[in-house]
Amino acid sequence: MSGTPGTTFGGRRAVPPNNSNAAENEPPTVELQSLVPRGFNPQDYLNVTSVHLFKERWDTNKIDHHTDKYDSDKLIVRRGQSFYIQIDFNRPYDPRRDLFRVEYVIGRYPQENKGTYVPVPVVSELQRGKWGAKVVTREDRSVRLSIQSSPKCIVGKFRMYVAVWTPYGIIRTSRNPETDTYILFNPWCEEDAVYLDDDKEREEYVLNDIGVIFYGDFNNIKSRSWSYGQFEDGILDACLYMMDRAQMDLSGRGNPIKVSRVGSAMVNSKDDEGVLVGSWDNIYAYGVPPSAWTGSIDILLEYQSSKNPVRYGQCWVFAGVFNTFLRCLGIPARVVTNYFSAHDNDANLQMDIFLEEDGNVNSKLTKDSVWNYHCWNEAWMTRPDLPVGFGGWQAVDSTPQENSDGMYRCGPASVQAIKHGHVCFQFDAPFVYAEVNSDLVYITAKKDGTHVVEAVDTTHIGKLIVTKQIGGDGMKDITDTYKFQEGQTEERLALETALMYGVKKPLNTEGVIKPKSDVVMDFEVENVVLGKDFKVNITFQNNSPNSHAISAYLSGNITFYTGVSKEEFKKETFDVTLEPFSIKKEEVLVRAGEYMGHLLEQASLQFFVTARVDKTGDILAKQKSTVLTIPKVNIKVRGPKIVGSDMVVTVEFTNPLKETLQNVWIHLDGPGVIKPKRKLFREIQPNSTVQWEEVSRPWVSGHRKLIASMTSDSLRHVYGELDLQIQRQPSM
């Protein structure tokens, strides 16, 4: 016997999957349970004439539940907390002879034991942690109820009904979209798994709709604002659609562990037609370059409307969109940036940089990569599936890097577990541990097939881990939440714990680490302004009583921020003679024309300097990257900065280069101030300025921000922003 399409068999009976919030199945308006006498008329009994949900922004329901910022005319509440509704009947309600209850239903196949059908009884007193409805006032034909949801209930959009008992069965209200109720996670409720006890942290990690994402290089940290826009019209539905698209069972949508894991898979499109297509090859035909996005709103709305993945994203875009998803549903979340982030392809907890015998990097053997930086997210929740102490911040990463349980996703991994080396706990802790704690190993691959370890750098990876500070746009160093300081007893113990769980494998080399060389080499790259010449200064120090002749090689490469090289734009060899106990400096000039024609998405230059000490045969190797200083977009406003009043936003950009910029797109965004917009300028001549004006009518008061980006065929990652203080509309 064949089952119906899409049906799964649960042993004794077929249970259709209930994995769509949008799918509906109308319950009957009349359920008669016995023989009905002739002349029975449902209208003779207590009947519901209307239901009021108090769902305006200024109503106590939305203010008490911290949902008044959502641009929605529906009731949005947080679980585990009471809210008010009013039911009007056809006659006065008499509790001695009238019996009714409120019902909440989600999905197409609701079941009480799955939490998808919730009958809410009218009780004398509400009990913490349980669904219940209490009559708070009775007036004429109206009853006002205080309804409390369970702090573990499913998160999503529920349909609401009122069921009235008669001697012959149930009379139920018909489907009314006006009474649909969204229930979200509740960081203000102690019984909720996402409870966060600090009000300033809740304000930042749940309610702040504008963030700051850090990028660039450890020695040249840059930041850009990002519009999360979790309260904008349509975003909540788009986030629920993501879980529907993942075919996530509704019964699991009350668990933040499952929701964040599904979200990390769905933000990328690698294997599940998720939100964003990743691209790191600098070719963005038929899409938007990752650097052009100013926020998550356009991306999520386009995904929901087109039902197709949006092109294109890179790590900070994935992290920005994922942050919107988490905050929108009520899970406290933040974007973190790890400078010198390891992508360990072979899971041996070391980055193997293979060198030729002449000191050049062997790109065929070198499979691991060190990203200048990498962005992921942290979500706050309890972890009842782990031992006590591993709740709190969990690392979740939606950038598609490695496969986890058959899908491209990562986490949630307990940050506390990573710090202490307890990488045996799910999910994906070894991969995150490697990102922040790998060793950088330089290995010479000799022509006879043997490998010799030249140097091991235990401090390069995970140099600095940061996030936005609470209540400001500054940077907060959270490195110590992921790792102990190098050399501390605790750091050694954490490493030994990770070793015990089999994360780190022995060095895959046939040689031993060489003794220290007589000569020490280092180099610095001058601050690089886009379109200008600059110098690389190399220093050699001879610590021995012998003179040394040195053959050195500098290689300049255009690299993706992921550490993967695109092409070499500069190579120079030079010889240095060092007297005993001396220091000598060499300068290499890099001209603008050598790198300008090859720039990538993030204008990152990487330099390798390798040198051979002729007498001893020692190889000295160093690599450093630098991010170019690029121009900014200017934003100005004129007119009253008042809710409901028109003001003019002006965006300006001046081309500082000696070449004409082609296909210039300028994006403008500002949650609560202006809907995302973009404008195309076919070309901008050298030293020319373009100007774009838009009329805006703010609808949210308080501190707001306008964000702009500029992208073109040859220049990208150009940003600008403007802080605004929007005043409330004056009362008449």
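The values are calculated or read from the model by the stated rules, or taken from the named source; none is laboratory data. On a predicted model such as this, the values are computed, not experimentally measured, just so you know. Note that we place each Cβ from the backbone using ideal geometry, even for glycine, and neighbour counts take in every protein chain shown. In case anyone asks, the SASA skips ligands and DNA or RNA and just uses the protein heavy atoms, side chains included. Shrake-Rupley method; radii C 1.70, N 1.55, O 1.52, S 1.80 Å.
crowded, with 16+ Cβ neighbours inside 10 Å and either in contact with a Phe, Trp or Tyr (Cβ under 9 Å, 6 or more places away or on another chain) or of a type outside the set (Phe, Trp, Tyr) (or both): is that true of residue 35 in this structure?
no
Would you call residue 169 open to solvent by 10 Å² or more (accessible area, probe 1.4 Å), of a type in the set (Gly, Ala, Ser) and either in contact with a His (Cβ under 8 Å, 6 or more places away or on another chain) or in contact (Cβ under 8 Å) with a residue 60 or more places away in the chain (or both)?
On the way: open to solvent by 10 Å² or more (accessible area, probe 1.4 Å): no; of a type in the set (Gly, Ala, Ser): yes; either in contact with a His (Cβ under 8 Å, 6 or more places away or on another chain) or in contact (Cβ under 8 Å) with a residue 60 or more places away in the chain (or both): yes.
In short, no.
With respect to residue 289, is the statement that it is within 12 Å of the chain's Cα centre (by Cα) and either of a type outside the set (Val, Ile, Thr) or open to solvent by 10 Å² or more (accessible area, probe 1.4 Å) (or both) true?
Values: within 12 Å of the chain's Cα centre (by Cα): no; either of a type outside the set (Val, Ile, Thr) or open to solvent by 10 Å² or more (accessible area, probe 1.4 Å) (or both): yes.
Considered against the rule, which asks whether it is within 12 Å of the chain's Cα centre (by Cα) and either of a type outside the set (Val, Ile, Thr) or open to solvent by 10 Å² or more (accessible area, probe 1.4 Å) (or both), residue 289 comes out as no.
Just to verify a result, which residue in segment 1-29, among those that are at pLDDT below 75 and among the aliphatic types (A, V, I, L, M), is most open to solvent (accessible area, probe 1.4 Å)? If you could, list the steps in order and put the result at the bottom.
Taking segment 1-29 and keeping what is at pLDDT below 75, we get 1-15.
Add one more test, that the residue is among the aliphatic types (A, V, I, L, M), and what stays is 1, 14-15.
Working: 1: 228, 14: 45, 15: 41 Å².
Top of the filtered list is 1.
Go through segment 30-56 and give me each residue that's at pLDDT below 90, of a type outside the set (A, V, I, L, M) and closer than 26 Å to residue 141 by Cα.
Within segment 30-56, the first condition is being at pLDDT below 90, and the residues that meet it are 30-45.
Imposing the further condition that a residue be of a type outside the set (A, V, I, L, M) reduces the set to 31, 33-34, 37-45.
Across segment 30-56, the qualifying residues are 31, 39, 40, 41, 42, 43, 44, 45.
Could you tell me whether residue 59 is open to solvent by less than 40 Å² (accessible area, probe 1.4 Å) and without any contact (Cβ under 8 Å) to a residue 12 or more places away in the chain? Lay out the reasoning, then the answer.
Working: open to solvent by less than 40 Å² (accessible area, probe 1.4 Å): yes; without any contact (Cβ under 8 Å) to a residue 12 or more places away in the chain: yes.
The answer is yes for residue 59.
Among the listed residues 731, 701, 645, 714, which satisfies the condition of being surrounded by fewer than 19 Cβ atoms within 10 Å (Cβ to Cβ) and free of Cβ contacts under 8 Å to residues at least 12 places away in the same chain? Let's see the steps before the verdict.
Numbers: 701 fails: free of Cβ contacts under 8 Å to residues at least 12 places away in the same chain; 645 fails: free of Cβ contacts under 8 Å to residues at least 12 places away in the same chain; 714 fails: free of Cβ contacts under 8 Å to residues at least 12 places away in the same chain.
That would be 731, the only listed residue that is surrounded by fewer than 19 Cβ atoms within 10 Å (Cβ to Cβ) and free of Cβ contacts under 8 Å to residues at least 12 places away in the same chain.
Checking residue 302 against (1) within 20 Å of residue 675 (Cα to Cα); (2) of a type outside the set (A, V, I, L, M); (3) open to solvent by less than 10 Å² (accessible area, probe 1.4 Å), which single condition isn't satisfied?
Among (1) within 20 Å of residue 675 (Cα to Cα); (2) of a type outside the set (A, V, I, L, M); (3) open to solvent by less than 10 Å² (accessible area, probe 1.4 Å), the lone unmet condition for residue 302 is (3).
Only one of 277, 310 is open to solvent by 20 Å² or more (accessible area, probe 1.4 Å), of a type in the set (A, V, I, L, M) and over 27 Å from residue 193 (Cα atoms); which? Give the derivation first.
Values: 310 fails: open to solvent by 20 Å² or more (accessible area, probe 1.4 Å).
From the options 277, 310, the qualifying one is 277.
Of the numbered conditions (1) at pLDDT 95 or above; (2) on the phi > 0 side of the Ramachandran plot, residue 286 fails exactly one; give the number of that condition.
Result: residue 286 passes all but (1).
Any residue at all in segment 188-204 that is touching a helix residue (DSSP H, G or I) at 6+ places or on another chain (Cβ under 8 Å), buried (at least 22 other Cβ atoms within 10 Å of the Cβ) and either of a type in the set (S, T, N, Q) or in the same structural domain as residue 313 (by the TED database) (or both)?
no
Might you let me know whether segment 664-687 holds any residue that is open to solvent by 10 Å² or more (accessible area, probe 1.4 Å), polar (S, T, N, Q) and not in a strand (DSSP E or B)?
yes
Contact list please: Cβ distance under 6 Å, first residue in segment 665-687 and of a type in the set (Lys, Arg), second residue crowded, with 21+ Cβ neighbours inside 10 Å and in a strand (DSSP E or B), pairs at least six apart or on different chains.
Qualifying pairs under 6 Å: 677/668; 678/667; 679/666.
Check segment 130-144 and report whether any residue there is open to solvent by less than 10 Å² (accessible area, probe 1.4 Å), assigned by the TED database to the domain that holds residue 95 and of a type in the set (Val, Ile, Thr). Break it down into steps so the answer makes sense when it comes.
First, pick out the residues of segment 130-144 that are open to solvent by less than 10 Å² (accessible area, probe 1.4 Å): 132-133, 143.
From what's left, assigned by the TED database to the domain that holds residue 95: 132-133, 143.
Those still in the list that are of a type in the set (Val, Ile, Thr) too: 143.
Yes.
Which residue, of 434, 342, 395, 413, is under 23 Å from residue 562 (Cβ atoms), over 19 Å from the mean Cα position of the chain (by Cα) and buried (at least 24 other Cβ atoms within 10 Å of the Cβ)?
434
Go through (1) surrounded by fewer than 18 Cβ atoms within 10 Å (Cβ to Cβ); (2) of a type outside the set (Phe, Trp, Tyr); (3) at pLDDT 95 or above and name the single condition residue 262 misses.
Evaluating residue 262 over (1) surrounded by fewer than 18 Cβ atoms within 10 Å (Cβ to Cβ); (2) of a type outside the set (Phe, Trp, Tyr); (3) at pLDDT 95 or above leaves (1) as the failure.
Take residue 561 and tell me if it is open to solvent by less than 50 Å² (accessible area, probe 1.4 Å), outside the structural domain of residue 399 (by the TED database) and closer than 30 Å to residue 285 by Cα.
Details: open to solvent by less than 50 Å² (accessible area, probe 1.4 Å): yes; outside the structural domain of residue 399 (by the TED database): yes; closer than 30 Å to residue 285 by Cα: yes.
Judged against the criteria, residue 561 is a match.
Which strands (runs of 3 or more DSSP E) does segment 413-469 wholly contain that include 2 or more residues that are over 29 Å from residue 204 (Cα atoms)? Give the derivation first.
Numbers: elements: 439-445, 451-457, 464-468.
Once the strands (runs of 3 or more DSSP E) in segment 413-469 are filtered for at least 2 residues that are over 29 Å from residue 204 (Cα atoms), what remains is 439-445, 451-457.
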